[in-house]
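Some notes on the structure that comes next.
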Amino acid sequence: MPIAHLPFFGRQFDEDFPAEGWALKEAIESADGLLVVTPEYNRSIPGVLKNAIDWATRPPGRSSFTNTPTGVIGASRGAISTAVAQAHLKSILVAQGAPLVGRPEAYIRITDDFFTDDGQVASESTRRFLTGFLEALRDLVDRWS
Ligand SMILES: Cc1cc2nc3c(=O)[nH]c(=O)nc-3n(C[C@H](O)[C@H](O)[C@H](O)COP(=O)(O)O)c2cc1C
């Protein structure tokens, strides 16, 4: 579900939690597993993603990430891709009690020829790698259920 429309989280919402906050939590909690795909903004995750995470961890004691098997993956053009953003994101999710895909790590570096004209991943080996990542997430979901 879209996250850009969520207001900035503030403590006042703990007392009066709005429907869009519950909708986000319901989307996460009804899933077998979660795949978070992120770019990197200034060596961290984008503010819009952090805000959505803050919403999903509230009201107090009701974090939607606890026991939700989760994979983290990211792509950017930078030399170290999204490694720093993903490290931040994983430490947030671990603190929320989310079981994470540890391996493989997926730091996808985007180049001009990364996608074909019809939007497919051009490299066969990258496609295989991404499929392997999704299989690792599926295995985590299976182990957790
Ligand atoms: C404010 C801002 C900060 C960014 N900081 C980084 C960064 O620290 N490291 C990085 O690899 N890419 C950085 N990028 C590039 C993004 O990760 C991403 O590759 C780029 O925005 C292209 O993705 P998009 O077409 O979805 O916007 C930044 C982009 C923006 C807009």
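The values are calculated or read from the model by the stated rules, or taken from the named source; none is laboratory data. Just so it is clear, the model here is predicted, and its values are computed rather than measured. Please note: Cβ atoms are built from the backbone with ideal geometry, for glycine as well, and neighbour counts cover all protein chains shown. All accessible areas refer to the heavy atoms of the entire protein, side chains included, with ligands and DNA or RNA removed. Shrake-Rupley method; radii C 1.70, N 1.55, O 1.52, S 1.80 Å.
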field: Residue that is farthest from the chain's Cα centre (by Cα) [pool: residues in the stretch 94-114 that are farther than 16 Å from F133 by Cβ and more than 15 Å from the ligand (Cβ to nearest atom)]
entry: D113
Selection count where residues are surrounded by 14 or more Cβ atoms within 10 Å (Cβ to Cβ), without any contact (Cβ under 8 Å) to a residue 60 or more places away in the chain and part of a loop (DSSP other than H, G, I, E, B), scope the stretch 90-103: 3
message: Here is a check on your reading of the model: is V37 modelled with pLDDT of 95 or more, open to solvent by less than 30 Å² (accessible area, probe 1.4 Å) and under 28 Å from E135 (Cβ atoms)?
response: no
field: Filter result for the condition that a residue is out of contact with any Leu (no Cβ under 6 Å at 6 or more places or on another chain), within 26 Å of T131 (Cβ to Cβ) and surrounded by 12 or more Cβ atoms within 10 Å (Cβ to Cβ), over I73, I45
entry: I73
message: Could you check the stretch 115-134 and list, in sequence order, the residues that are under 19 Å from the mean Cα position of the chain (by Cα), free of Cβ contacts under 8 Å to residues at least 60 places away in the same chain and surrounded by 12 or more Cβ atoms within 10 Å (Cβ to Cβ)?
response: F129, L130, G132
